[in-house]
Amino acid sequence: MQPEKNHPVNFENTETAFRDQSNASLRQSYQLFNVMNNRTLVQTCKQLVGLALAIHFPVNGILRKTIYRHFVGGVSITDCSNAIARLAKRNVLSILDYAQEGEESDAAFDATCNEIIRTIEFAHDNPRVPFSVFKITGIARFDLLAKVSEESSLTSEEEAEYRRVETRINAIFRRGYELDVPVMIDAEETWIQPVLDNLVLRMMAQYNGKKAIVQNTYQMYRHDSIARIMQHHRKALEGGFRFGLKIVRGAYMEKERARAAEKGYSSPIQPDKQSTDRDFNDIIRYFMDNLDSIDFMVATHNETSSLLLASLIDAYNVPRNHPGIYFSQLYGMSDHITYNLAEQGYNVAKYVPYGEVKTMMPYLFRRAEENSSVKGQSSRELKMIKTEIERRKKTGISFISLPKHSKS
């Protein structure tokens, strides 16, 4: 049943946001975000953990009980069942994200490809998991992608290697098509994005009929993102296939600016955050104006953008659970956005990464660095958690332990 549309979303509702968390769990979350609010401390921890893992010092137990537990669903697909069930109980869906990266061998790329296909098959059998997702650098060598993007000449060995990349990508999207499971491919650095865009558009033309099985991702901190999205949308309209995509603000800003300065080209990044926010919100309006030909996901921890989309869905008089519109946040972050949207009947999904502790460390340190470098991110989390702790003290509510869920 759809909630009444005169009930707006209230992201200040901490009771809804933290309903499943015990008092002890809230305090642990507060301590974790307090550490991540200190950039120097994050960098020190990163160096120490890297050293500990390199010399095989037993830190896995400590990591599992702290940052890993907060941001990771489990070590395997089946190990994520508890997290999926807990989220589903609150009307929140899950997107399993196999976080393997940094490999270089064909054997590793084939193994990752097979694991991604398993997430598609799992999603087909589980209505709580509506999408699959992957990074192209999980199944292809970065330097090869850069060379293809630059349209440089390839050796015969590289040509054969690139054909194997195409085979993996086709296998992933073909399985998504066979099982009717949409598959999103993450955005990456600008200098390998051209090959990624070309591959995805080819796959869209092949597999996106009435449904957007193949979905691209666009980072709105790039100043050309609106133009690229509109250009790709036109190609979809001309080609007679449905356009599917996700928008994010972006993940490689410092790296992008540093490389542009080093190589002497104009930075692809917006001049300021206000420009990114403007383009992010403008493209949401474009999506709503073209809902007849676009399926989209707005992946953001920004309250203003989330409220904009929520209000437009109501203003356009489409169902809050319209199958072509999704909100998304990362597992372990912005629960005040996730659960309050879900409470009001909107489609919302958490990105739930999984993998072994050592495998997950690059991902976890990106989350820590993001929280320490993005102005206000950890501060917002801390504020919301503190508000809920104080609310419970005032009302005399005591949550002793987290709810137990059996694996399903």
Euclidean distance between Cα centres, the stretch 172-217 to the stretch 235-265, Å = 14 Å
Rounded to the nearest 5, what is the percent of antiparallel bridges among the DSSP beta bridges in the chain?
-> 5 percent
Of 268-277, 298-307, ordering from highest average Cβ density within 10 Å down gives 298-307, 268-277
Using per-residue counts of other Cβ atoms within 10 Å, averaged over each peptide, order 181-190, 13-22 from highest down.
-> 181-190, 13-22
Please calculate how many Å² of accessible area the stretch 14-150 carries per residue, with a 1.4 Å probe and no DNA, RNA or ligand atoms counted.
-> 46 Å²
Lys, Arg +1 and Asp, Glu -1 on Cβ, resulting dipole of the stretch 187-282 about Cα centre, debye, nearest 20 = 380 debye
For a label point 7 angstrom out from the Cα of LYS273 toward its Cβ, which stretches of the stretch 223-253 have the backbone nitrogen within less than 15 Å?
-> 249-251, 253
Using alpha-carbon positions, the gyration tensor of the stretch 52-151 gives root eigenvalues a ≥ b ≥ c; with a/c under 1.5 called rounded, otherwise prolate if a/b exceeds b/c, else oblate, the class is oblate
The stretch 202-355: C-alpha gyration tensor shape, a/c 1.5 cut-off, then a/b vs b/c | oblate
The chain: relative contact order in percent, alpha carbon pairs under 8 Å with at least 6 residues between | 29 percent
Please turn the phi angles of the stretch 22-31 into ³J(HN,Hα) values with the Karplus equation 6.51 cos²θ - 1.76 cosθ + 1.60 (θ = phi - 60°), one per residue in order, whole Hz, x for glycine and proline.
-> 6, 4, 5, 5, 4, 5, 5, 5, 4, 5
Expressed as a whole-number percentage, the relative contact order of the stretch 274-389 with C-alpha contacts under 8 angstrom and at least six residues apart is 19 percent
Heads up, the stretch 64-105 by the C-alpha gyration tensor (a ≥ b ≥ c square roots of eigenvalues; a/c under 1.5 rounded, else a/b over b/c prolate, else oblate) looks prolate
Average accessible area per residue (Å²) across the stretch 218-274 - probe 1.4 Å, nucleic acids and ligands excluded = 51 Å²
Each residue of the stretch 155-170 in turn: what ³J(HN,Hα) in whole Hz from Karplus with 6.51, -1.76, 1.60 and θ = phi - 60°, glycine and Pro shown as x?
-> 6, 4, 5, 5, 4, 5, 5, 5, 4, 5, 4, 4, 5, 5, 4, 5
For an R0 of 30 angstrom, estimate the FRET efficiency from the Cβ-Cβ distance between ASN321 and GLU12 and round to the nearest 0.05.
-> 0.80
When the accessible area of the chain is split by element with a 1.4 Å probe, what percent falls to carbon and sulfur?
-> 52 percent
Expressed as a whole-number percentage, the relative contact order of the stretch 72-205 with C-alpha contacts under 8 angstrom and at least six residues apart is 26 percent
So how exposed is GLU390, as accessible area in Å² (1.4 Å probe, rounded to 10)?
-> 80 Å²
The ³J(HN,Hα) series, computed from each phi in the stretch 78-86 with the Karplus coefficients 6.51, -1.76 and 1.60 at θ = phi - 60°, rounded to the nearest Hz and given as x for glycine or proline, is 5, 5, 7, 4, 4, 5, 4, 5, 5
If the chain between GLU262 and SER311 were fully stretched, how many nm would it gain, using 0.36 nm times the residue separation less the Cα-Cα distance?
-> 13.4 nm
Under 17 Å Cα-Cα from LYS350, which aspartates and glutamates qualify once same-chain neighbours fewer than 8 residues away are excluded?
-> ASP20, ASP79, ASP97, ASP186, GLU303, ASP335, GLU381
Taking +1 at the Cβ of each Lys and Arg and -1 at the Cβ of each Asp and Glu, which of ILE169, ALA140, PHE11 sits farthest along the dipole of the chain towards its positive end, judged by Cα position relative to the Cα centre?
-> PHE11
The farthest towards the positive end of the charge dipole of the chain, of the residues ILE192, ASN23, PRO271, given +1 on Cβ of Lys and Arg and -1 on Cβ of Asp and Glu, is ASN23
Just subtract the alpha-carbon distance of GLU254 and ASP289 from 0.36 nm times their residue separation and send over the number in nm, one decimal.
-> 9.3 nm
Give me the orientation-averaged projected area of the Cα convex hull of the chain, in nm², one decimal.
-> 20.8 nm²
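The values are calculated or read from the model by the stated rules, or taken from the named source; none is laboratory data. Because the structure is a prediction, the values reported are computed rather than measured. In this analysis, Cβ positions are derived from the backbone assuming ideal geometry, glycine residues included, and neighbour counts consider all displayed protein chains. Accessible surface is based on the protein model in full, side chains and every heavy atom, while ligands, DNA and RNA are left aside. Shrake-Rupley method; radii C 1.70, N 1.55, O 1.52, S 1.80 Å.
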